[in-house]
1. How would you rank 301-308, 150-157, 136-143, highest first, on the average number of other Cβ atoms within 10 Å across their residues?
2. Just grab the label-to-label distance for residue 64 and residue 224, each label 7 Å out from Cα along the Cβ direction, in nm (one decimal).
3. Quick one: Debye curve from the alpha-carbon atoms of segment 185-293 only, equal weights, vacuum; give me log10 I(q)/I(0) at q = 0.21 Å⁻¹ to two decimals.
4. For a quick check: sort 57, 328, 114, 400 by the number of other beta carbons within 10 angstrom, fewest at the front.
5. Just to verify a number: FRET efficiency for residue 23 and residue 1, C-beta to C-beta distance, R0 = 25 Å, to 0.05?
6. Return the FRET efficiency for the residue pair residue 203, residue 393: r is the Cβ-Cβ distance, R0 is 25 Å, and the value is rounded to the nearest 0.05.
7. Test of understanding: what is the full-extension gain from residue 266 to residue 84, defined as 0.36 nm times their sequence separation minus their Cα-Cα distance?
8. Any chance you could run the full-extension gain for residue 315 through residue 180? It's 0.36 nm times the residue separation minus the Cα-Cα distance, nm to one decimal.
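None of the figures in this text is laboratory data; all of them are computed from the coordinates on show. Since the model is a prediction, treat every value here as computed from it, not as a measurement. Here Cβ is always computed from backbone atoms with ideal geometry, including for glycine, and neighbour counts include all displayed protein chains.
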Ligand code: FAD
């Protein structure tokens, strides 16, 4: 491969794809292109710690020596604006880059809200380090912050800024927090803990418009006419995948760049990974586009293996975490479609896990401050082991023993 592999997007997926290509023994050229003018960095800390701590530094995904040491040609501050039919990329501002294989790791961007006043200074979303720096600066000068959207990012920011002493109101259009991402019991628990911290949560409410003074936001007016004073408004109503580059090149799109089980798009030389990619999930059989560090890194690893000639299908167990105030939420599996559940631990102690079942099949586990349950859950689902609900109810030791027995029988099952 003379022109080698070009990766567009230097976030979690893009950097992992570059690393995995080298780990897999690929020795051709690797060019990693990102539009941000930063060494690639971890996104999760931005909403959890970075925005409240004036001294916090970005956490690089890899040290500088990684790029030079692995002959990865990292090109920051470069925007790719087209893919042409000759396996070439067009660089915004001029120039082209040829490739043999292209990995699109273009991620996603905050969903915009059409709202009167959305253009005022002090109205922001959080996606990048540049956004986080500005939110940190503005929140330090703000007494009142209004957050639109009660999803993971909105609630993480709410807890972080509340802990830093700001008055925080979250406005969520649905009548519960965290959409359909978690079980109602988890959403209710999160609500109760956030309210105990002093976060005001308005569910079943929308913001009708934003008011400003001198070009800066000063208040959010809710659909019921309440005026919420705010010097900072953060919009956290979800993300949309960055598919435009692929779409313009004629690549199939379906709520993301459509990929097969090997991360190949409808043009086989072009692969897609991470937040931008949608696929049929092996675990549920449904079409998904997942937004998590795990999904980005595992897909990137697989894309690298596809490029060097392996042909395994994507079969990683999905997992996710979020830190909201004093709650570490960890999810493994995909729990939609469950019809029963078993609870371990005590919500009143802020430590419990919910095991979700469809019939007798364990779909996934949601944990609050029970990391050992989460880790064991990853092992169980990874091994294809679905414990009976009564084994779960007997507690972690019984589960560990059942998993050990299942794993011991594995060779016999495989040869049967
Ligand atoms: P990104 O990390 O978004 O990287 C894509 C990069 O490509 C971006 O830099 C983008 O600017 C660039 N790009 C796009 N188009 C072009 C182009 N045409 N030319 C050049 N460059 C381009 N996940 C978890 O699992 N747990 C968490 O706790 C968690 N917390 C989060 C907190 C925050 C504040 C945010 C924003 C996200 C969080 N996530 C979390 C989600 C996780 O960060 C994403 O799922 C992950 O970053 C996806 O990786 P990616 O590489 O696909 O996309």
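1. Details: 301-308: 23.2, 150-157: 25.6, 136-143: 16.5.
Going from most to least packed, we get 150-157, 301-308, 136-143.
2. Result for the modelled spin labels: 5.5 nm.
3. Values returned for q = 0.21 Å⁻¹ are -1.02.
4. Going from sparsest to densest Cβ surroundings: 114, 57, 400, 328.
5. Here the calculated transfer efficiency is 0.90.
6. Working: r = 32 Å, r/R0 = 1.27.
The formula returns an efficiency of 0.20 here.
7. 64.0 nm
8. Residue separation times 0.36 nm, minus the Cα-Cα distance, leaves 46.3 nm.
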